[in-house]
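The values are calculated or read from the model by the stated rules, or taken from the named source; none is laboratory data. None of the values given here were measured: they were computed from a predicted structure. Quick reminder, even Gly has a Cβ in these numbers, built from the backbone with ideal geometry, and neighbours come from all protein chains shown.
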Amino acid sequence: MISNKLTFLFFLLGGTIFLFPSFNGDGWGMVREYNYRGWQTTSERVVVARLAKSQQDGLFSAGGLLGLLDAEDGWVFGTAIANRQYELYETGEPIQYYLVYKSHPGFQGFVFGLFDSLTNFPASTNLEIFRGTVAFVSSVVIALVAAAIAFEFGWLAGALMLLFAAVSEWMILPAGSLYWNLWAFFLPFVCGIYLLAEASKKDRFPAFKIYFVIFITIWVKILFTGFEIITTALVMATVPFVYFAIRDRWQWKTFFQRATLLGVSLALATIAGLGTLILQITAADGSLKSGIYYVRDTFIRRAAGNVDEFRGQYAESLGASHMEVIGKYLNSQAFSFGDITVVYWHLIALFAVFTLIYLYKHRATLHANPSNMGIALVATTWYSILAPLSWYAIFKPTSYIHTFLFPMAWQMPFTLLGFALCGFVIQDLFRPKTAQLT
């Protein structure tokens, strides 16, 4: 027991220290495919604009929504318009025009803006504080995942997961981003792991506590990251339930009851997030109908629109096949070392090989004891691939367009669990069959 606690503390503290330099500004230079600062600037410019807006007009101006300053030409990209956001925030020059971004509650703008209003730090100092804070919280949350994995499956499983998290550009890019807030995506997943582990240990399932925490954490995810990769986050929140259902051999009736209540909690949290956003748009536009119509039209454009009703890239994205879109992400770069580039289908193949190794070693005992810890990990890992695939399939049009953003969905939590599986199988190969955990 003491050994397990030390393992947990080592991975929590050591993992946080190990991840932070990578998450805070790509300290190890692992981001190769994109310009790190350019990628960050493009995403966080709407948060910086919000800070300038709050500074001049108050925290609740424009419904507290994110936006873009002095952008009369609409949602344009480029260095000039991005730098303008920082310039206005740092100089306090009067804002001429604020273009509201209605797709995201932008609660980080409120939190950071409140800190800004209570301090006298220079704007540039505040930005470094905000980035460092986001990177630190992301490091802690991912370290909590690694600690739970190391506690359950051994040190190598936790170590491989941590190593991948530290070198993967699609963990590094969102981890320290003021816009993306990687920690918020993983918060429901992490809370689910620890709540269900506690329930399993005590052989008591506090339903209200568990579902209430899941509801709150999904709502927090929406407040801080909007509806970006929302289906992935929702499926990820179910992953701990699948693992403990298999490991602890829940009865089918029990599983369906808990799954139903979990689904209700996730749906209510999503509705709460939508309601929050609609109220913000209403405050900004002065019309409830405006908020409802915007949410409806955005869903149609990004997921369920008729290709004949759109032109340009929207028509092209709606007309693309699901296999075409998934193929793009299977060939996205996961990480690279020197001249070696690893893409996601390589990782899927690697996880499949380790799965087969584990199943082959235990082929004689699978029928007699199908619910051991290893089988639970294998099943849960492959179940978790539905999290990224749900986004690529349901929100196919936006996935088709934004291939420079959504490879990060593979990490939520499929590839993390995949590396944990590899570590577990390697350790298992050197463990006598009589010592297998069940």
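Structure summary
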| read-out | value |
| --- | --- |
| When residues of region 205-250 are limited to those that are of a type in the set (Lys, Arg) and out of contact with any Leu (no Cβ under 8 Å at 6 or more places or on another chain), the one farthest from Gly67 (Cα to Cα) | Arg249 |
| Top-ranked residue of region 351-365 - restricted to ones that are surrounded by 16 or more Cβ atoms within 10 Å (Cβ to Cβ) and over 12 Å from Phe424 (Cα atoms), ranked as modelled with the lowest pLDDT | His362 |
| Residues satisfying the stated conditions in region 102-131, i.e. more than 22 Å from the chain's Cα centre (by Cα) and among the β-branched types (Val, Ile, Thr) | Thr119, Thr125 |
| Selection within region 83-116 - part of a helix (DSSP H, G or I) and under 10 Å from Ala49 (Cβ atoms) | Arg84, Gln85, Tyr86, Leu88, Tyr89, Gly109 |
| Filter result for the condition that a residue is surrounded by 23 or more Cβ atoms within 10 Å (Cβ to Cβ) and out of contact with any Ser or Thr (no Cβ under 6 Å at 6 or more places or on another chain), over Leu114, Leu144 | Leu144 |
| Out of Phe208, Phe224, sole residue that is modelled with pLDDT of 95 or more, assigned by TED's automatic domain parsing to the domain that holds Leu386 and either of a type in the set (Ser, Thr, Tyr) or over 30 Å from Gly132 (Cβ atoms) (or both) | Phe208 |
| Residue tally, condition over 16 Å from the mean Cα position of the chain (by Cα) and surrounded by 24 or more Cβ atoms within 10 Å (Cβ to Cβ), over region 207-233 | 0 |
| Qualifying residue in region 153-160 (condition: farther than 30 Å from Trp250 by Cβ, buried (at least 23 other Cβ atoms within 10 Å of the Cβ) and not assigned by TED's automatic domain parsing to the domain that holds Ser61) | no |
| Of all residues making up region 144-176, the number that are farther than 28 Å from Phe430 by Cα and acidic (Asp, Glu) | 1 |
| Some residue of region 40-51 being in contact (Cβ under 8 Å) with a residue 24 or more places away in the chain, of a type in the set (Asp, Glu) and surrounded by fewer than 22 Cβ atoms within 10 Å (Cβ to Cβ) | no |
| Checklist (1) under 25 Å from the mean Cα position of the chain (by Cα); (2) assigned to a helix (DSSP H, G or I) applied to Phe77, failing item | (2) |
| Top-ranked residue of region 87-99 - restricted to ones that are within 32 Å of the chain's Cα centre (by Cα) and touching a residue at least 40 places away in the same chain (Cβ under 8 Å), ranked as surrounded by the fewest Cβ atoms within 10 Å (Cβ to Cβ) | Tyr98 |
| Residue satisfying all of: in region 19-68; acidic (Asp, Glu) and assigned to a loop (DSSP other than H, G, I, E, B); farthest from Gln333 (Cα to Cα) among these | Asp26 |
| Criterion (at pLDDT 95 or above, over 18 Å from Thr381 (Cβ atoms) and assigned by TED's automatic domain parsing to the domain that holds Tyr211) met by exactly one of Leu187, Leu114, Leu144 | Leu187 |
| Elements of type helices (runs of 4 or more DSSP H) contained in region 119-217, each with 3 or more residues being in contact with a Pro (Cβ under 8 Å, 6 or more places away or on another chain) and within 29 Å of Asn4 (Cα to Cα) | 182-202 |
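To keep it simple, each residue is scored yes or no on (1) over 24 Å from the mean Cα position of the chain (by Cα); (2) of a type in the set (A, V, I, L, M, F, W, C); (3) in the same structural domain as Ala197 (by TED's automatic domain parsing).
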| position | (1), (2), (3) |
| --- | --- |
| Phe244 | no, yes, yes |
| Leu268 | no, yes, yes |
| Gly273 | no, no, yes |
| Leu279 | yes, yes, yes |
| Thr282 | yes, no, yes |
| Leu288 | yes, yes, yes |
| Val295 | no, yes, yes |
| Ile300 | no, yes, yes |
